[in-house]
1. For the list (1) within 16 Å of DNA strand C (Cβ to nearest atom); (2) open to solvent by 20 Å² or more (accessible area, probe 1.4 Å); (3) within 12 Å of chain A (Cβ to nearest Cβ), I need the number of the one condition that B:Tyr56 fails.
2. Out of A:Asn87, A:Asn100, I need the residue that is of a type outside the set (Lys, Arg) and without any contact (Cβ under 8 Å) to a residue 24 or more places away in the chain. Which one?
3. (1) within 26 Å of A:Glu9 (Cα to Cα); (2) open to solvent by less than 30 Å² (accessible area, probe 1.4 Å); (3) modelled with pLDDT of 95 or more: which one isn't true of A:Ile149, the others all being true?
4. Could you grab me the full set of residues in region B:87-101 that are closer than 19 Å to B:Gly133 by Cα and within 14 Å of another protein chain (Cβ to nearest Cβ)?
5. When you go through (1) farther than 30 Å from A:Gln88 by Cα; (2) more than 8 Å from DNA strand D (Cβ to nearest atom) one by one for A:Gly21, which number turns out not to apply?
6. Does region A:16-43 hold any residues that are more than 10 Å from DNA strand C (Cβ to nearest atom), assigned to a helix (DSSP H, G or I) and touching a residue at least 40 places away in the same chain (Cβ under 8 Å), and which are they?
7. Looking at (1) open to solvent by 60 Å² or more (accessible area, probe 1.4 Å); (2) away from DNA strand D (no atom under 12 Å from the Cβ); (3) among the β-branched types (Val, Ile, Thr), can you tell me which one B:Val38 breaks?
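The values are calculated or read from the model by the stated rules, or taken from the named source; none is laboratory data. Since we're looking at a predicted model, the values are computed, not measured. Cβ placement follows ideal geometry from the backbone for every residue including glycine, while neighbour counts extend to all protein chains displayed. When the accessible area is computed, the model is the full protein with side chains, heavy atoms only, and any ligands, DNA or RNA have been set aside. Shrake-Rupley method; radii C 1.70, N 1.55, O 1.52, S 1.80 Å.
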There are 2 protein chains.
Amino acid sequence: MGTLADHIEAYIKQMLRENQGRAIELSRAQLADVFACVPSQINYVLATRFSLERGYIVESRRGGGGYIRIGRVQVEDVRQDTIELLNQIGQRLSERQMNNVLARLIDHHVLNARQAGIIRGIVQQECANIGEGKDVLRASLVRAMLLLILEQGV
Amino acid sequence: MGTLADHIEAYIKQMLRENQGRAIELSRAQLADVFACVPSQINYVLATRFSLERGYIVESRRGGGGYIRIGRVQVEDVRQDTIELLNQIGQRLSERQMNNVLARLIDHHVLNARQAGIIRGIVQQECANIGEGKDVLRASLVRAMLLLILEQGV
DNA sequence: CTAGTCAAGGTCAGGGATGGTCAGAGGAGG
DNA sequence: CCTCCTCTGACCATCCCTGACCTTGACTAG
């Protein structure tokens, strides 16, 4: 974890943990100050690490007294949520989307980092040998492997 | 005398040993520099010597702060012949062939009947949604799920 | 009420830093 | 020769980070 974006991500997640997972509120300018970077860097981190796909909800308001609020999508039944997530995977799944799915499942403790790594490795290897239709194959593979884990890992 | 690829392979394995088998992280450009070769040579070594079948897992990230991470997955000797079997699955796998593979793995106690059933179900579902290339997709799916079970125990 | 001002946050295009891919040249062994 | 493995280089894809410019909201002077 070396980049600035990684550090900011970790910092925000730490804040969330310390707040027991309830939504936190912060100032973009102040946070940028803490990390000595331009404010728009914060937007980059929010867009890439705290997207809805990854299970986060980000709200904000401009103007005087503006703020950024970050919360997690509330999930009652993790297993059910995962199944829905898998159903929402369409016919195609980009590498980026896959990473978002895996990141979210790690967050929800459906997977650990090791399992996610193995899945990524398998997908990469299988996708390497075909030209067209990587996204289609990736969608099938990810669905299949996650279903397998769900149905028999419990 | 070994080839350049052999030397790079040995070098990386040495690094892994020195790190007690924990995953190592390296820079493609730097490593290429050490061996005075083009960066893509590293990819060649990774693809040919550090594949999943050989028990390695390779992850990478591009862009600033990019890296290549190499870790090991433990594969029990008992299961090594299963890996062989998976490697023999070619680009296509008919339903009959799949059933033969699964039956054989049940015989060898690599799978139980329930697991085989789950795999069949998932494959059937995934293959139902596409027209052409069912056999190709089936080959990928079966390889992927069996690798997942082997390397991770699910 | 209106316009102006200040204080947030948002967007977007671009540049630099990595790693990935692929076709083909080059070699070593049968 | 023929084939398989190595190795290279040109071109590609992705990620991170910045800075100029834009939008929104609250407050306040007239």
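1. It is condition (2) that B:Tyr56 fails.
2. A:Asn87
3. Answer for A:Ile149: the failing condition is (1).
4. Scanning region B:87-101 gives B:Ile89, B:Gly90, B:Gln91, B:Arg92, B:Leu93, B:Met98.
5. Every listed condition holds for A:Gly21 apart from (1).
6. Of everything in region A:16-43, just one residue is more than 10 Å from DNA strand C (Cβ to nearest atom), assigned to a helix (DSSP H, G or I) and touching a residue at least 40 places away in the same chain (Cβ under 8 Å), namely A:Leu16.
7. So B:Val38 meets the others, but not (2).
Yes or no, residue by residue, for (1) surrounded by fewer than 20 Cβ atoms within 10 Å (Cβ to Cβ); (2) away from DNA strand C (no atom under 16 Å from the Cβ); (3) more than 20 Å from the chain's Cα centre (by Cα):
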residue	(1), (2), (3)
B:Val45	no, no, no
B:Asp77	yes, yes, no
B:Arg104	yes, yes, yes
B:His109	yes, yes, yes
